[in-house]
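These notes are about the structure you will find just below.
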Amino acid sequence: MIKIALAQIDTELGNKRKNLRYIASLCKEAADNKADIICFPELATTGYTPDLLGTRLWQLSESRGEETDRLLSELAGKLGLIIIAGFIERGERTGQVFNSAGVWTPEGESWLHAQRKIHLWADEKKWFSEGNRCEIITTPLGKLGVMVCYDLGFPEVARIFALRQVDILFVIAAWSEAEAYIWDINCAARALENGVFLVAVNRWGEEGELHLFGGSQIMAPDGQRVVRATDKGEALIYGNIDLTQLATVRMILPYRKDLKIPFYQHHYNED
């Protein structure tokens, strides 16, 4: 059984040091409660809205070995915890930044992987560069994958992870209240059609005119909800995942076995 902590937090826009202190305190609380993994929302270290941060995005961005990486690597090792959190990753070129999800493991001295957001939403396109990889993260607990917010809305992204034998898909998000109904549909659909556990952690709070509603949740591979957080405020909730359920569900609901990939490939190429 894997115990997962979903950290549905609010953040202070641009105040990375304060946000990191808050993240560290919740990592310690989750470890005290015997969690194996803790997941934070999109851009948890800095706040979300790129238009409000503007060119400060570069100042707030980080590479390996910098503040966020050092802190979360140390915490992961000391607490025996896998930590997943959104941050601004500095790119290879001056002025290039990515909206990324870092994964820190107890065995590592730096993040094991930083998953860059593939589908940028609205004004994000003005500031962030797109990611172009879906990488499986192999851990002693199982094979993990991470998607960032709007990527959840594209079945192809989750399907790539599923075809690479992912066990648990994580989604970190800053999803607005106006599209709350889409959040629930997408979470259930991506879990069901791929026969995977899906852990979706959404931000709560206000930034400018944007209200981020929470509703973080774990979905089972049959699309049923395991646990869900409030949409009224911050929360640190826990859910247990039993990976032995994967085989049972995939035998009863054989969506993966019945995939016709050559057929899909032919028609994608044809169009």
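The values are calculated or read from the model by the stated rules, or taken from the named source; none is laboratory data. Fair warning: this is a prediction, and the values are worked out from it, not measured in the lab. In this analysis, Cβ positions are derived from the backbone assuming ideal geometry, glycine residues included, and neighbour counts consider all displayed protein chains. Note: areas computed on protein heavy atoms with side chains; ligands, DNA, RNA excluded. Shrake-Rupley method; radii C 1.70, N 1.55, O 1.52, S 1.80 Å.
Positive-end ranking of ILE2, GLY14, ALA35 along the dipole of segment 1-42, with charges on Cβ about the Cα centre, is headed by GLY14. Taking the Cα centre of the chain as origin and assigning +1 to Lys and Arg Cβ atoms and -1 to Asp and Glu Cβ atoms, the resulting dipole is close to 560 debye.
The equivalent ellipsoid that matches the C-alpha gyration tensor of segment 49-164 spans semi-axes of 23, 20, 10 angstrom, in descending order. For segment 112-208, trypsin sites (Lys or Arg not before Pro) meeting the loop criterion (DSSP other than H, G, I, E, B) and having at most 16 other Cβ atoms within 10 Å: ARG133, ARG164. Distance from the alpha carbon centroid of segment 44-100 to that of segment 215-267 works out to 28 angstrom.
By accessible area, using a 1.4 Å probe on protein heavy atoms only, segment 178-217 has 62% of its surface on carbon and sulfur. Sites counted here are GluC sites (Glu not before Pro) in a DSSP loop (not H, G, I, E or B) having no more than 14 other Cβ atoms within 10 Å; the longest part of the chain that contains none of them is 131-208. Looking at the chain, the DSSP beta bridges with both ends there are about 65 percent antiparallel. Per the Debye calculation on segment 154-226 with a single equal scatterer at every Cα and no solvent contribution, log₁₀ I(q)/I(0) for q = 0.20 Å⁻¹ amounts to -0.77.
Computed on protein heavy atoms with a 1.4 Å probe, the accessible areas place SER216, SER63 in the order SER63, SER216, largest first. Each Lys and Arg adds +1 at its Cβ and each Asp and Glu adds -1 at its Cβ; summed about the Cα centre, segment 176-270 shows a dipole of about 560 debye.
Helical content of the chain, expressed as a calculated mean residue ellipticity at 222 nm, amounts to -9000 deg cm²/dmol (DSSP H runs of 4 or more residues, -39,500 (n - 2.57) each, divided by residue number, nearest 500). Set against the 2.2 N^0.38 Å expectation for a compact globular protein, segment 136-271 has a Cα radius of gyration ratio of 1.10.
Projecting the Cα atoms of ASN194, ASN240, ALA229 onto the charge dipole of segment 156-263 (Cβ charges, centred on the Cα centre) puts ASN194 farthest toward the positive pole.
Max-minus-min Cα coordinates of segment 1-87 on each principal axis give 43, 25, 19 Å, with the largest extent listed first.
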